[in-house]
Each structure stands twice: as C-alpha cells, then as structure tokens.
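Here's the structure, in structure tokens; my notes come after.
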Amino acid sequence: ETGVTQTPRHLVMGMTNKKSLKCEQHLGHNAMYWYKQSAKKPLELMFVYSLEERVENNSVPSRFSPECPNSSHLFLHLHTLQPEDSALYLCASSQDSGGDGAFFGQGTRLTVV
Amino acid sequence: QKEVEQDPGPLSVPEGAIVSLNCTYSNSAFQYFMWYRQYSRKGPELLMYTYSSGNKEDGRFTAQVDKSSKYISLFIRDSQPSDSATYLCAMTPGFQKLVFGTGTRLLVSP
C-alpha cells in the first residue's frame, strides 16, 4: 500500500493488555492525526501532531498515549482499555493547514474483550 | 446543535440516477469543505475538496458550497453500483481542525 499505511489491520486485546498501533505516511505531509470511528457516530479526532509536536488532544483518556518520533511515523499506545473503546482507529496525514483534506489509512479494527 | 449535520440514510437509487448528498453546518468559520467516500471495512478516501463558496466538478462528481446558507452538496451523475458506499462530508476553518458529518450510506442497485 502507498499513502498512509496502518498496522495491524485487526487487533483483539484483553482489558489488561498493552498494545500499540502503528501508522506510516509516504506523502511528505507534516501533520498526522488519530481518529476514532464508532458505529453511527462522526469521526472523533483524538490527537493531532504538527511537525512532530502534539498540537491538539481532544480530552482523550490517558489509557491512549500517542507518540510521533518523526513526521512519517505515528503510534498509538494502548493500555487497560475498556470494551467501549472497541472501534475503528484511523490514522491520517495532511499538509499543515489541513485545507487540502486529510488522507486516511485503512484503519485498525480494535476489539477489547 | 451538532456542528455538522448529515442524514445517515440509507439512500437507495437505481443505477444511472443522479444522486444528491447534503450537509448543513453551523460554524461560519469553516472555509474548506471536503467529501470522502468510505467503503465497508476501509478508511475514508478523499473525493473532492473546495474552498469557500462555488462549484467544483470532477468527472461524474460535482461539489457545491453555499456559505450563505451553510449548506454543501455532492452530486453524482450516472450513478453506478460501485458508488455504493458511505459518503462523509468534512469541513475546517483551516489548521487541521477537520469536523466530520456522520456519513450518508448510499446504495445503488443494478
């Protein structure tokens, strides 16, 4: 795949597990995002990184911890999640303004059991 | 009131029909408007983006923005079964703050 690549595509984890989601973009963009998509709800912005610095955290619980080591890579570290955290987690990237739109990866389907 | 309102559908049309998908919004600061298509079990795919009011055409797709009414539309001409997907509108005042609608599910029957 080109553009924005996410791994893994599917993840099942217990409430006491620790796991990480990975995102890589090949578009030369300087902003990266994590979104959560739940059934019948709009995409929820979780985190925004611009030039590797976090610029927005939309009141996300601390059991979600992002990491952006460089402008091409983004991680979402997960620990002690709840069943209601089960959702599709989408990574996206854009040029800094966001006005040209964001490009999304295929997502990680997370199930918390 | 939600910042962006979008009818969830489903919207069912026969092949070849003209489809109209719409969103309304409340924040007058929005300047950039986008439409995404999302197939089942896939990430959203950017279809079109426009700046401010006006029309933009790309093949069978036309995006229309009316800022005075806070209303945006996506028209699909000669719809195909492969157009069956969920269509998400999104908008931003700029600087990464994309706000999405809930999406409209479109079903095009052969």
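Looking only at residues in the stretch A:6-18 that are part of a strand (DSSP E or B) and open to solvent by 50 Å² or more (accessible area, probe 1.4 Å), the one that is nearest to B:Gly94 (Cα to Cα) is A:Thr7.
Among the residues of the stretch A:50-67, which ones are modelled with pLDDT under 95 and open to solvent by less than 20 Å² (accessible area, probe 1.4 Å)? Of everything in the stretch A:50-67, just one residue is modelled with pLDDT under 95 and open to solvent by less than 20 Å² (accessible area, probe 1.4 Å), namely A:Ser50.
Among residues of the stretch A:71-110 being over 15 Å from the mean Cα position of the chain (by Cα) and outside any loop (DSSP other than H, G, I, E, B), the one that is farthest from the other protein chains (Cβ to nearest Cβ) is A:Pro83. The set of residues in the stretch A:19-49 that are farther than 21 Å from B:Gln38 by Cβ and buried (at least 21 other Cβ atoms within 10 Å of the Cβ) contains only A:Tyr49.
For A:Gly28, the requirement of being more than 10 Å from every other protein chain (Cβ to nearest Cβ) and out of contact with any Ser or Thr (no Cβ under 8 Å at 6 or more places or on another chain) is met.
Yes/no per residue for (1) open to solvent by 60 Å² or more (accessible area, probe 1.4 Å); (2) in contact (Cβ under 8 Å) with a residue 24 or more places away in the chain:
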{"position": "B:Ser53", "(1), (2)": "yes, no"}
{"position": "B:Arg60", "(1), (2)": "yes, no"}
{"position": "B:Ser68", "(1), (2)": "yes, no"}
{"position": "B:Arg77", "(1), (2)": "yes, yes"}
{"position": "B:Thr86", "(1), (2)": "no, yes"}
{"position": "B:Met91", "(1), (2)": "no, yes"}
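What about A:Glu24, is it modelled with pLDDT of 90 or more and part of a strand (DSSP E or B)? Against the criterion (modelled with pLDDT of 90 or more and part of a strand (DSSP E or B)), A:Glu24 qualifies.
Within the stretch A:51-108, track down each residue that is farther than 26 Å from B:Phe30 by Cβ and polar (S, T, N, Q). Within the stretch A:51-108, A:Ser62, A:Ser65, A:Asn70, A:Ser71, A:Ser72, A:Thr80, A:Gln82, A:Ser86, A:Gln106, A:Thr108 qualify.
Inside the stretch B:76-110, residues that are on the phi > 0 side of the Ramachandran plot, over 16 Å from the mean Cα position of the chain (by Cα) and either within 12 Å of another protein chain (Cβ to nearest Cβ) or not in a loop (DSSP other than H, G, I, E, B) (or both) make up a count of 3.
Against the numbered list (1) surrounded by 15 or more Cβ atoms within 10 Å (Cβ to Cβ); (2) within 19 Å of A:Ser38 (Cα to Cα); (3) free of Cβ contacts under 8 Å to residues at least 40 places away in the same chain, A:Arg109 comes up short only at (3). Selection over the stretch B:38-75 of residues that are part of a strand (DSSP E or B) and either aliphatic (A, V, I, L, M) or within 11 Å of chain A (Cβ to nearest Cβ) (or both) gives a count of 12. Among the criteria (1) open to solvent by less than 50 Å² (accessible area, probe 1.4 Å); (2) in contact (Cβ under 8 Å) with a residue 12 or more places away in the chain; (3) more than 13 Å from the chain's Cα centre (by Cα), the one B:Phe33 does not fulfil is (3). For the stretch A:27-45, taking the residues that are assigned to a strand (DSSP E or B) and without any contact (Cβ under 8 Å) to a residue 24 or more places away in the chain, the one that is farthest from B:Thr86 (Cα to Cα) is identified as A:Leu45.
The values are calculated or read from the model by the stated rules, or taken from the named source; none is laboratory data. Predicted model only: the values in this text are computed from it and were never measured. In this analysis, Cβ positions are derived from the backbone assuming ideal geometry, glycine residues included, and neighbour counts consider all displayed protein chains. We work out accessible area using only protein heavy atoms, side chains counted, and drop any ligands, DNA or RNA first. Shrake-Rupley method; radii C 1.70, N 1.55, O 1.52, S 1.80 Å.
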